[in-house]
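Note sheet for the following structure.
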Amino acid sequence: PQYTGIVGISVASLGANVVLTDREEKLLGLVNKNIEANRKAIKAGGGSAKTEIMDWSNRAGTSTVALTEGPFDYIIASDILYSSPSHGMLLETLWQCACVDTKVLIAYPSRDLEWEVRSKGVDPVPPDERCMHKFSQLTAQRFHIEIVSYYPPSEPRRGNKGYSVYVMSMQLK
């Protein structure tokens with residue numbers, strides 16, 4: 001939690017105007033503390049950072065953020081594809097916040113993939129990867145999609161079983 005918002009804050013310190021979102025007000029409280037702790041670096045870099053509540057299931061709320069803050073040049077997200085039932089709402093939110101020039105980058109950890117396969121002999125296509133595949137199929141109608149990076153799992157240590165991270169790039173068609 002002490003690093004909550006680190007990517008957005010880092011991008012703001014490089015000169016971007018950043019809106020960090022989450023559906024949980026409590027988490028945004030931590031993000032706001034981190035923004036304040038880094039306000040000097042953000043200002044020195046010429047950027048800005050602020051937070052907004054965004055719950056994909058609240059279309060009015062996502063529309064308000066999209067209309068008042070967007071369209072965005074970049075949408076950067078991480079660890080948001082874990083629930084297939086929310087993919088449709090996420091897609092609508094991206095659609096509302098993007099324009100043809102918007103680049104969407106989603107980092108997606110496929111937790112415990114290799115560990116589960118090695119230790120338990122489970123299905124080599126784990127639920128996380130199936131979830132990412134479902135999202136890719138759903139979004140393909142509106143977005144060009146490409147896996148731009150893949151980071152293999154780290155070796156398990158200190159209770160961390162290791163996981164892979166994919167980075168997906170998307171742009172409106």
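The values are calculated or read from the model by the stated rules, or taken from the named source; none is laboratory data. Because the structure is a prediction, the values reported are computed rather than measured. Here the Cβ is made from the backbone with ideal geometry for all residues, glycine too, and neighbour counts use every protein chain on show. Side chains included, ligands, DNA and RNA excluded: accessible areas come from the protein's heavy atoms. Shrake-Rupley method; radii C 1.70, N 1.55, O 1.52, S 1.80 Å.
Which links in 50/134; 134/173; 26/134 stretch past 28 Å when you go from one Cα to the other?
Over 28 Å Cα-Cα: 50/134; 26/134.
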### Query
Can you list residues whose amide H is under 5 Å from residue 47's amide H, if they're 5+ apart or on another chain and H is modeled 1.01 Å from N?
15
#### Entry: Sparse-neighbour loop sites [GluC sites (Glu not before Pro); region 20-104; at most 14 other C-beta within 10 Å; DSSP]
24
## Note on the structure
When every protein chain stays in place and a 1.4 Å probe is rolled, 101, 79 sorted by accessible area with the largest first are 101, 79
